[in-house]
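To start, the structure itself, in structure tokens.
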Amino acid sequence: MGLTVENARFGGEAVGVRCDEDGAIAALGAEVAAQTGDEVIDVGGAHLVPPLVNGHTHAAMTLFRGSGGDLPLMPWLEEKIWPIEAKLEAEDVYRGARLACAEMIRSGTTRFWDMYWQPEATARAVEEMGIRAAIGAPLIDLGGYHEQLREAALRSVEALEQFGPLITPALAPHAIYTVSEESLRWIGELSAERDLPVQIHLSETEKEVQDCIAAHGCRPAFYLDRLGFLSERTILAHGVWLDAEELALIAERGATVVANPVANMKLAVGGVLPYPAARAAGVHVGLGTDGAGSNDSLDLLADLKFFALTQKHAAADPTAVDAAEAWTVATGTQAPLLGATPLEPGAPADFLLLRPDAPELGIGELTAGLVYAASGAVVDTTVVAGKVLMRDGEIEGLDEIVAQAAKRARHLGL
Ligand SMILES: [Zn+2]
């Protein structure tokens, strides 16, 4: 027994989708018929589209929404975020992450890449909510805590490996300015040995680049490469200040760069990832929201418009990225590591159905509408691994999820 979706539209055709009991797409097409015992939903002509992949976030930071203080990155981290994070309990992270999952399900994201404290609490929330996440504990060894960093990394990976197939354990060194050379080298080796993906913030501010040149004699991507850190398992979040030589190196190593245009604009870091140059170099590019502390939304579909427009604006060229290409960035299909799910038999049954009556999508080409006119509000139904997580825009228990997160935020004084 599985799920059968009837009366959807895909590529201009009327189609059905049948999902098997193992959560994969068994059939997709005009002739799909439900089998005895299937859960059947008639979606009334809704567009079937692949889901979005949020390539960089800190899910539980929903608790910090609205408390950013309109500050630059370092004062924001040092004055607002880190003192409160020092008091975080697992229950805070769990409640914040549940809220984040609900927001992502509502706006069409079914997989996200997370870096946050108490990663088991996030993993528990993700499993319960039914979406997918690659999760890593932030690794920081400022002040010489190399041993503690290693213990924390190994402990978190071991804990995350106990979860089911929705969770992918990852390593998440915070940044080159918060992790020592020695630890970055060790993390690169561990990633290779255990085939673990690694996410790190890189080249978010110009100061980070200048500091790297002053301390190590080279730009950030070259510094990481010298430590054996860059590979096809690496995700570099931000990449605002990467230059042409760094992009060529990143492409050669097969690493992925995730653009976070809204967080970059809110923290006013002075630019955005140079996408046309990254693509010309052959870099895999994805899209992320970053945390709700610095965005403040987790609606990746809304951020997709910002991605496309900031690229056009920065290049003074409306052809810098077109709608179809921007869509491939948001669905993760440009970057194999991010884990996009194609709509085809045998693939995981992760997909979206858009509101058939969404006014933004009633006229014109669908992809252009999704990129330039829509937000996550056009998502009607979200399915992950053949399970319906949202139907008719409703998520079961959402009021309680919001109330519990708000209670924990108050408890933290936010
Ligand atoms: Zn981040």
* Give the cross-link partners of Lys207 among the aspartates and glutamates, using a straight C-alpha distance below 17 Å as the criterion and excluding same-chain residues fewer than 8 apart. => Glu78, Asp243, Glu246
* Which residue, Gly66, Gly271, Gly293, tops the fluctuation ranking in a GNM of the chain built on C-alpha contacts under 10 Å? -> Gly66
* Asked: Which residue, Ala172, Ala90, Ala335, has the most motion in a Gaussian network model of the chain that connects Cα atoms within less than 10 Å?
  -> Ala90
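Give the residue list of GluC sites (Glu not before Pro) in region 209-300 that are DSSP loop and have at most 15 other beta-carbon atoms within 10 angstrom. Let's see the in-between values first.
Numbers: sites: Glu232, Glu245, Glu246, Glu252; in loops: Glu232.
Here the GluC sites (Glu not before Pro) that fit, given the DSSP loop and packing criteria, are Glu232.
For region 1-94, which GluC sites (Glu not before Pro) are in a loop by DSSP, counting at most 10 other Cβ atoms within 10 Å? Kindly include the intermediate steps, with their values, before the conclusion.
Details: sites: Glu6, Glu13, Glu21, Glu31, Glu39, Glu78, Glu79, Glu85, Glu89, Glu91; in loops: Glu21, Glu31, Glu89.
Here the sparse-neighbourhood loop sites are Glu31.
Below 8 Å, C-alpha to C-alpha, sequence gap of six or more: please give me the relative contact order for region 331-414 in percent. Could you put the intermediate results ahead of the total?
Details: 73 pairs, mean separation 18.8, N = 84.
Once normalised by length, the contact order is 22 percent.
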* **Under the Karplus curve 6.51 cos²θ - 1.76 cosθ + 1.60, θ = phi - 60°, whole-Hz ³J(HN,Hα) for region 219-227, x wherever Gly or Pro sits** => 6, x, 5, 5, 4, 4, 5, 4, 8
* Which value in deg cm²/dmol, rounded to the nearest 500, describes the helix-derived mean residue ellipticity at 222 nm for the chain, given -39,500 (n - 2.57) per DSSP H run of n ≥ 4 and division by the residue count? -> -10000 deg cm²/dmol
* Distance in nm between pseudo-label sites at Ala268 and Glu31 (7 Å out along the Cβ direction from Cα) -> 6.2
* Which value, in Å² and to the nearest 10, is the accessible area of Ile140 when all protein chains are kept and the probe is 1.4 Å? -> 50
* Amide hydrogen neighbours beyond the local backbone of Asp380, cut-off 5 Å, H modeled -> Leu353, Leu354, Arg355
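Counting other Cβ atoms within 10 Å, keep those with at most 14, restrict to DSSP loop, and tell me which GluC sites (Glu not before Pro) in region 122-222 are left.
Numbers: sites: Glu127, Glu128, Glu147, Glu151, Glu158, Glu161, Glu181, Glu182, Glu189, Glu193, Glu204, Glu206, Glu208; in loops: Glu161, Glu204.
Sites meeting the loop and neighbour criteria: Glu161.
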* Asked: When Lys and Arg each count +1 and Asp and Glu each count -1, what net charge do the other residues less than 13 Å away from Ala123, Cβ to Cβ, add up to?
  -> -3
* Asked: Straight-line reach from Lys80: which aspartates and glutamates have Cα under 19 Å away, leaving out those fewer than 8 places along the same chain?
  -> Asp70, Glu89, Asp92, Glu204, Asp290, Asp296
* Relative contact order for region 106-204 using alpha-carbon pairs under 8 Å, separation at least 6, rounded to a whole percent? -> 27
* To do: For Leu139, list long-range residues whose amide hydrogen, built 1.01 Å from N in the peptide plane, is under 5 Å from its own amide hydrogen.
  => Ala172, His174
* Starting from the amide H of Gly271, placed 1.01 Å from N in the peptide plane, find each other amide H under 5 Å away whose residue is 5 or more places distant or on another chain. => none
* In sequence order, calculated HN-Hα J values of region 197-203 (Karplus, 6.51, -1.76, 1.60; Hz; x Gly/Pro) -> x, 10, 10, 8, 6, 9, 6
* May I ask you to list the lysines whose Cα is less than 27 Å away from that of Lys87, ignoring any residue fewer than eight positions away on the same chain? => Lys266, Lys407
* **Calculated from backbone phi, Karplus (6.51, -1.76, 1.60) coupling profile of region 243-250 in Hz, x at Gly/Pro** => 9, 4, 5, 5, 4, 5, 5, 4
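Would the chain count as rounded, prolate or oblate if I go by the C-alpha gyration tensor, calling it rounded below 1.5 in a/c and otherwise prolate when a/b exceeds b/c, oblate otherwise?
On the way: a/c = 1.66, a/b = 1.41, b/c = 1.17.
Since a/c reaches 1.5 and a/b is larger than b/c, the shape of the chain is classed as prolate.
Output the relative contact order of region 46-98, whole-number percent, from Cα pairs under 8 angstrom with separation of 6+ residues. Could the numbers behind the result be given before it?
Values: 21 pairs, mean separation 27.0, N = 53.
With pairs under 8 Å counted, the relative contact order is 51 percent.
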* **Of Leu249, Leu171, Leu230, the one that fluctuates the most in a GNM where the chain has Cα springs shorter than 10 Å** => Leu249
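The values are calculated or read from the model by the stated rules, or taken from the named source; none is laboratory data. Source: prediction; values computed, not measured. FYI the Cβ positions are ideal-geometry reconstructions off the backbone, even for glycines, and counts take in every protein chain you see. In case anyone asks, the SASA skips ligands and DNA or RNA and just uses the protein heavy atoms, side chains included. Shrake-Rupley method; radii C 1.70, N 1.55, O 1.52, S 1.80 Å.
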